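What follows is a set of notes on a single structure, which appears directly below.
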Amino acid sequence: MTVDPQTRWLFGGVLALLCLATLIGRVLKKRLTGEASQKVVANLNARINAWWMMCAVFAFALLVGPIGTVVLFALTSFLALREFITLTPSKRGDHRALFWAFFIILPIQYFLVARQSYAWFSIFIPVYAFLFIPVRSAMAGDSERFLERTAKIQWGLMVCVYFVSYTPALLTLKIPGYTGNAKLLFFFATVVQMSDVLQYIWGKSCGKRPIAPHISPNKTVEGFVGGVGSAVLLGTLLWWATPFNPWQAAAMSLAITLMGFFGGLTMSAIKRDRGVKDYGQLLPGHGGMMDRIDSLCFAAPVFFHLVRTFFT
Amino acid sequence: MIGNAFALAARLFTGAQARWIGCAPEPRQRVFFANHTSNLDFVLLWAALPRTIRQKTRPVAAHDYWTKSRIRIALADKIFRAVLIERKRVTRGNNPLAPMLAALAHGESLIIFPEGGRSLTGELGAFKSGIFHLAKAQPATEFIPVFIDNLNRVLPKGEVLPIPIVCSVSFGAPMLLQPGEEKLAFLQRARDAVIALHAT
């Protein structure tokens with residue numbers, strides 16, 4: 001397998017970052033005493049360990065090629081949808097519709113992405129699945145809270161499956177004068193996830209004014225401004241791996257980080273409504289899969305659309 | 001081997017997590033009693049136990065259900081090593097307590113569902129008296145309350161195809177029959193112990 005030098009730099013950069021984070025985690029564990037800060041550091045180290053795992057899986061999928069990436073995101077969608085539906089009260093009448101959502105609609109969506117058929121994967125869930133779900137539930141014969149139940153399943157499919165599938169769909173874009181869409185995907189994933197990480201770091205170190213106290217008490221104005229600013233800077237510095245010039249890379253990074261922030265905020269509102277802190281316990285320190293990809297869900301379709309509109 | 005594969009599949013599908021709240025997974029003789037909402041209940045409870053304990057733990061199941069087809073007989077006998085008891089035509093000759101006591105005498109642990117049947121609503125039904133008679137016959141055995149959360153959504157009564165929903169299996173503090181404790185008091189205490197796990 002040949003890996004071009006740019007990809008090698010990107011992977012090397014992530015590896016260096018993970019090593020640095022691990023080192024800092026170790027030092028903080030030694031330095032900080034007191035119960036409260038010990039707890040924060042233990043959570044931080046759990047997060048860093050999970051990052052190693054996630055980066056290894058992601059790198060492996062990218063190296064396997066487009067199919068590996070599609071399968072990885074299909075599994076991600078599956079786990080996210082499972083958490084979303086678990087948190088959403090469903091009735092017995094939804095059982096068959098949910099079976100379709102998990103085992104038929106989800107695989108078809110990723111099959112369409114793998115087939116690179118934009119005409120189909122861009123409308124399959126918003127049109128066909130959207131219409132099918134209420135029909136299937138109506139056939140089950142339970143009309144109690146019908147609109148509410150249907151809407152929740154449709155929402156789950158849109159957020160956890162449709163939006164997430166736009167990430168591997170980046171590989172299908174044909175950008176004139178640019179090859180190696182894996183690097184574009186890498187750029188997107190790095191900016192969206194580092195924006196989360198940087199908002200966390202800025203928030204923990206100098207966050208004071210809560211930005212949405214009723215929805216997400218940990219999000220602060222300082223964390224938002226510092227995190228978005230530094231993530232945009234990082235994205236700009238990665239311009240050489242993308243089809244963008246530095247200014248375009250900055251604008252794209254800003255769009256990704258803002259959408260990511262809105263995604264985190266919206267998915268938090270659902271958690272607050274259901275009275276839970278996390279969507280699950282799948283990823284130690286992070287919570288569930290949905291907690292990790294909430295920002296990606298909102299950023300992926302917008303980033304895809306912007307690139308497709310302006311660069312292909 | 002096949003049993004372990006079953007257990008792994010059940011855990012992966014439901015993302016089930018064992019929560020040892022009131023006791024630790026120790027290799028000692030126990031009777032696990034749980035709420036019953038789905039045909040998969042005992043599979044998941046069984047799967048949530050560490051392998052060494054699982055090998056010494058047998059689910060108690062309905063004779064009429066598990067002898068209906070060859071596949072069920074093979075599953076009950078070879079994979080889950082179920083203790084099959086009569087629940088429809090109970091006579092002096094097929095006292096359901098006898099096979100359970102025989103298994104316990106062999107040093108094995110049991111999984112029982114004291115409601116006797118699946119609850120449709122997910123609410124915990126009244127306990128039948130079998131668990132009391134078992135406790136009376138085995139006063140030194142620890143009875144562990146277990147709450148299985150969400151499994152009724154994975155496979156509701158009347159459905160054949162399961163859907164993936166995140167489940168959890170919570171193990172409570174061991175309880176013993178108190179000297180002189182009446183039947184109704186014990187059944188109430190046991191039922192309350194399962195309900196209390198729901199809240200945690």
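The values are calculated or read from the model by the stated rules, or taken from the named source; none is laboratory data. Fair warning: this is a prediction, and the values are worked out from it, not measured in the lab. Positions of Cβ are backbone-derived with ideal geometry, glycine not excepted, and every protein chain shown enters the neighbour counts. Remember, those area values only see protein heavy atoms, side chains included, never the ligands or the DNA or RNA. Shrake-Rupley method; radii C 1.70, N 1.55, O 1.52, S 1.80 Å.
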### Exposure rank, largest accessible area first [B:F32, A:F60, B:F13; 1.4 Å]
A:F60, B:F13, B:F32
### Task
Mind grabbing the accessible area of B:L187 for me, 1.4 Å probe, Å², rounded to tens?
20
### Task
Rounded to the nearest Å, what's the spacing between the alpha carbon centres of region A:194-262 and region B:113-163? Just the number, please.
49
### Message
For a quick check of understanding: with a 1.4 angstrom probe and all protein chains in place, what accessible area in square angstrom does A:Y279 have, to the nearest ten?
### Response
20
## Note on the structure
Karplus-derived 3J(HN,Hα) from phi for region A:24-29 (6.51 cos²θ - 1.76 cosθ + 1.60, θ = phi - 60°), whole Hz, x at Gly and Pro, runs 4, x, 4, 4, 4, 4
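Compare B:E182, A:E222 by solvent-accessible area with a 1.4 Å probe and give them largest first, with all protein chains kept in place.
Values: B:E182 130, A:E222 40 Å².
Descending order: B:E182, A:E222.
Based on a Kirkwood Rh over C-alpha pairs, give the Stokes-Einstein translational diffusion coefficient of the protein assembly as shown at 25 °C and viscosity 0.890 mPa s in µm²/s. Write out the running numbers ahead of the final one.
Values: Rh = 25.6 Å.
Stokes-Einstein gives a translational diffusion coefficient of 96 µm²/s.
Past 31 Å, Cα to Cα, is the threshold; run A:K208/A:K271; A:K174/A:K204; A:K152/B:K157 against it and keep the listed order.
A:K174/A:K204
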### Summary
Listed residues A:S205, A:S90, A:S77; largest mean-square fluctuation, Gaussian network over chain A with Cα springs below 10 Å, found at A:S205
### Task
Show the residues, 5+ positions off or on another chain, whose built amide H is closer than 5 Å to the amide H of B:A61.
B:V83, B:L84, B:I85
### Task
Please calculate the 1.4 Å probe accessible area of A:F311, with all protein chains present, and give it to the nearest 10 Å².
40
#### Entry: Antiparallel content of DSSP bridges confined to chain B, in %, to 5
20
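Give me Rg/Rg_expected for chain B, where Rg uses Cα atoms only and Rg_expected = 2.2 N^0.38 Å with N residues. Show your work: numbers first, answer last.
Details: Rg = 15.8 Å, N = 200, 2.2 N^0.38 = 16.5 Å.
Against the compact-globule rule of thumb, the ratio is 0.96.
For every other residue with a beta carbon closer than 13 angstrom to the beta carbon of A:W202, add +1 if it is Lys or Arg and -1 if Asp or Glu, then tell me the sum. Mind dumping the intermediate values first?
Details: positive: A:K204, A:K208, A:R209, A:K219; negative: A:D196, A:E222.
Summing Lys and Arg as +1 and Asp and Glu as -1 gives +2.
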### Task
Could you order A:D142, A:D94 so the one with the most accessible surface comes first? Probe is 1.4 Å.
A:D142, A:D94
### Global geometry of region A:238-290, whether rounded, prolate or oblate, following the gyration tensor of its Cα atoms and the 1.5 cut on a/c
oblate
